[in-house]
Amino acid sequence: MVVGRIGRPHGVRGEVTIEVRTDDPELRFPPGAVLLTDPAERGPLTVARSRWHRDVLLLVLEGVESREAAELLRNTLLLVETSALPALDDPDDYYDHQLVGLTARLTDGTALGEVVAVSHEGSDLLVVQRPDDAGELLIPFVRAIVPTVDLAAGSLVVDPPEGLLEL
């Protein structure tokens, strides 16, 4: 599961900015955390130090000691094994990787497409790829619009308000 992406270097001593893609960065990026990478040949990476600078997470990674070394890691995705994730307490909560790949269906069973991503820009949105490359739909991931998620069946039900699918 992707928990972050390495951005630009910060300073000259190898510190990197992180585009956080997890709800719990303190749990994912503490000193000593070992992160897998995509591309795989850039890792695994071990967090030596982490700190917040305004709203940006900064990491010092073991063995990355210069701006040039940090630049080589730019755009690397940081991953954790899904087996290392804690169980969720609320049955209505899902990890992004559980939702990606599900078939989105209307209440009458009509397939809208496949969930290809979950966006957390402001509010949680399901990114649904329509069949036959007909574009993407952005579906707010709230119970009023997505009343049913059935992981075992590999689908979820979308009950959109009027006009949502025409946007």
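The values are calculated or read from the model by the stated rules, or taken from the named source; none is laboratory data. Because the structure is predicted, anything quoted here is derived from the model rather than measured. In this analysis, Cβ positions are derived from the backbone assuming ideal geometry, glycine residues included, and neighbour counts consider all displayed protein chains.
Pairs are defined by a Cβ separation below 6 Å, a sequence spacing of at least 6 or placement on different chains, a first member in the stretch 141-161 that is outside the structural domain of Asp124 (by TED's automatic domain parsing), and a second member that is at pLDDT 95 or above; no pair meets this definition. Comparison of Ala48, Ala104, Ala87, Ala40 shows that the only residue that is in contact with a Gly (Cβ under 7 Å, 6 or more places away or on another chain) and small (Gly, Ala, Ser) is Ala104. Looking at Leu61, is it closer than 30 Å to Val157 by Cβ, out of contact with any Lys or Arg (no Cβ under 8 Å at 6 or more places or on another chain) and surrounded by 12 or more Cβ atoms within 10 Å (Cβ to Cβ)? Here the answer is no, as Leu61 does not meet what is asked. Out of Leu137, Leu126, Leu88, Leu79, one residue alone is exposed (fewer than 13 other Cβ atoms within 10 Å of the Cβ), modelled with pLDDT under 95 and of a type in the set (A, V, I, L, M). It is Leu88. For the stretch 40-85, filtering for residues that are assigned to a loop (DSSP other than H, G, I, E, B), over 17 Å from Val2 (Cβ atoms) and either hydroxyl-bearing (Ser, Thr, Tyr) or touching a helix residue (DSSP H, G or I) at 6+ places or on another chain (Cβ under 9 Å) (or both) leaves 3. Within the stretch 104-123, how many residues turn out to be more than 12 Å from the chain's Cα centre (by Cα) and surrounded by fewer than 17 Cβ atoms within 10 Å (Cβ to Cβ)? Here the count works out to 8. For the stretch 81-137, the set of residues classified as of a type in the set (Asp, Glu) and touching a residue at least 40 places away in the same chain (Cβ under 8 Å) consists of Glu81, Asp92, Asp96, listed by residue number.
Residues of the stretch 153-162 that are exposed (fewer than 13 other Cβ atoms within 10 Å of the Cβ) and modelled with pLDDT of 90 or more: Ala153, Gly154. Selection over the stretch 1-49 of residues that are surrounded by 14 or more Cβ atoms within 10 Å (Cβ to Cβ), without any contact (Cβ under 8 Å) to a residue 24 or more places away in the chain and of a type in the set (Gly, Ala, Ser) gives a count of 2. Taking the conditions exactly as written (of a type outside the set (Lys, Arg) and over 15 Å from the mean Cα position of the chain (by Cα)), does Leu77 satisfy them or not? No. Every condition in (1) assigned to a helix (DSSP H, G or I); (2) loosely packed, with under 10 Cβ neighbours inside 10 Å; (3) among the aliphatic types (A, V, I, L, M) is met by Leu165 except one, and the failing one is (2).
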